[in-house]
1. Picking from A:Lys127, A:Lys166, A:Lys102, which is most flexible by a Gaussian network model of chain A using Cα springs under 10 Å?
2. Given Cβ point charges of +1 (Lys, Arg) and -1 (Asp, Glu) and nothing else, what value in debye, to the nearest 20, does the dipole of the range B:41-103 about its Cα centre take?
3. Once amide H atoms are built 1.01 Å from N in the peptide plane, which residues 5 or more positions from B:Ser109, or in another chain, come under 5 Å H to H?
4. Report, as an integer, the average count of C-beta atoms from other chains found within 10 Å of each Cβ along A:81-90.
5. Provide the packing ranking of B:22-31, A:138-147, B:83-92, i.e. peptides ordered by the mean count of other C-beta atoms within 10 Å per residue, highest first.
6. Among A:Phe23, B:Gly25, B:Leu14, which residue has its Cα furthest toward the positive end of the charge dipole of the protein assembly as shown, with +1 on Lys/Arg Cβ and -1 on Asp/Glu Cβ?
7. When Cβ neighbours within 10 Å are restricted to other protein chains, what is their mean count per residue of peptide B:158-171?
8. Let me know the charge dipole size of the range A:9-186 about its Cα centre in debye, to the nearest 20, where only the beta-carbon of Lys, Arg (+1) and Asp, Glu (-1) is charged.
Amino acid sequence: MIQDLSFLFISAVLVNNFVLVQFLGLCPFMGVSGKLETAIGMSAATTFVLTLASVCSYLTNTFILAPLGLEYLQTISFILVIAVVVQFTEMVVHKTSPLLHKVLGVFLPLITTNCAVLGVALLNINKEHNFVESLIFGFGAAAGFSLVLVLFAAMRERLAVADVPKSFQGAAISMVTAGLMSLAFMGFSGLVQL
Amino acid sequence: MIEFLTENALLAALIALGGLALVFGGILGFASVKFKVEGNPIVDQINDLLPQTQCGQCGFPGCKPYAEAIADGEEINRCPPGGEATIQHLADLLDVEVKPLDAEEKVPSVAFIREAECIGCTKCIQACPVDAILGAAKQMHTVIGSECTGCDLCTDPCPVDCIDMVPIETTMQTWHWDLPKTPAQSQLIATDRKGEVA
């Protein structure tokens with residue numbers, strides 16, 4: 001049981017990394033990786049929301065959609081769930097911890113449109129995960145997202161001062177870097193067989 | 001109930017989604033009341049009028065802190081990026097008088113003493129806040145150019161008006177490239193946008 005769950009976790013973080021292997025959530029990956037500080041803020045916010053949203057959408061599916069035979073409404077209801085979770089989280093954090101709200105600040109609402117969040121929710125259903133598996137899978141996906149986002153931000157900070165050929169400057173070298181990272185992560189395939 | 005709904009798929013879909021939306025709306029509505037953050041509404045109004053450049057030229061860490069300070073009675077003319085337009089809007093909002101911009105734009109300059117006219121009264125030496133003026137009583141004074149901040153405080157005390165403010169000329173060492181300006185950047189400030197009076 002524990003072993004299965006840890007396999008699931010490692011698989012979500014490394015082998016089936018959402019950003020570099022499944023290419024979900026690329027917009028924040030390219031968008032907020034300019035500075036390490038903001039990347040860490042975004043990672044923290046995403047981890048929080050992704051875990052919560054995957055659990056909530058699992059509950060919605062199991063207790064509302066599945067009994068009524070409404071599985072075709074999954075996408076729209078999950079978007080609803082995610083939006084509410086994000087908004088609710090923002091309000092609670094704003095009230096209870098102004099400091100945390102300052103750190104996560106603008107990133108919280110941005111997560112609503114992060115396709116990795118919806119991706120995790122839908123994959124949980126596709127792979128027929130149970131409650132605990134959904135939780136672990138969501139958290140693993142978020143941990144993988146945070147890992148590559150922070151790594152990539154650190155690289156881009158180095159790249160900002162590196163002597164890059166003129167034709168590769170800016171977005172081009174970022175894309176090349178992301179591609180190389182993706183290739184590296186492909187090397188993890190076969191590490192865990194589920 | 002469930003059997004009835006599974007037979008009427010359309011009704012079930014409507015009820016399920018509608019119910020979900022209703023419940024979530026209720027939760028959010030409840031949360032927005034329960035977790036309401038008390039803020040001074042006037043601060044937000046002032047903050048909307050400020051340019052949001054967060055430049056700190058007003059002496060506050062950013063626009064929001066300056067907005068809070070204005071709400072507490074700070075002068076409204078401390079914002080160089082906003083300029084006259086922002087002062088005008090702030091004056092309208094707060095119903096106070098329009099004041100000229102506090103930090104007027106000036107060219108960086110240094111003080112220069114016309115040494116032939118200097119009588120050696122030492123009054124400018126006492127006025128100088130950074131000790132950039134050298135000299136003694138009944139001796140000619142002079143300004144250390146690299147120390148002078150161009151604050152203009154020494155020109156008033158001089159009884160013979162022999163101190164000039166000389167603009168610093170750009171040399172090969174001090175020249176730097178201006179950041180390019182796009183039309184979008186000059187439209188950044190809320191009060192720049194035409195016809196938008198808050």
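1. Largest GNM mean-square fluctuation: A:Lys166.
2. 240 debye
3. Under 5 Å from the amide H of B:Ser109: B:Ile168.
4. Going residue by residue through A:81-90 and averaging, the value is 3.
5. Answer by packing, highest mean first, reads A:138-147, B:83-92, B:22-31.
6. Working it through, the farthest residue towards the positive pole turns out to be A:Phe23.
7. For peptide B:158-171, the averaged partner shielding equals 0.
8. Its charge dipole is roughly 360 debye.
Each value in this text was obtained by applying a stated rule to the coordinates, not by laboratory testing. Bear in mind the structure is a predicted one, so any value in this text is a computation, not a measurement. Cβ: placed from backbone, ideal geometry, glycine included. Neighbour counts: every protein chain shown.
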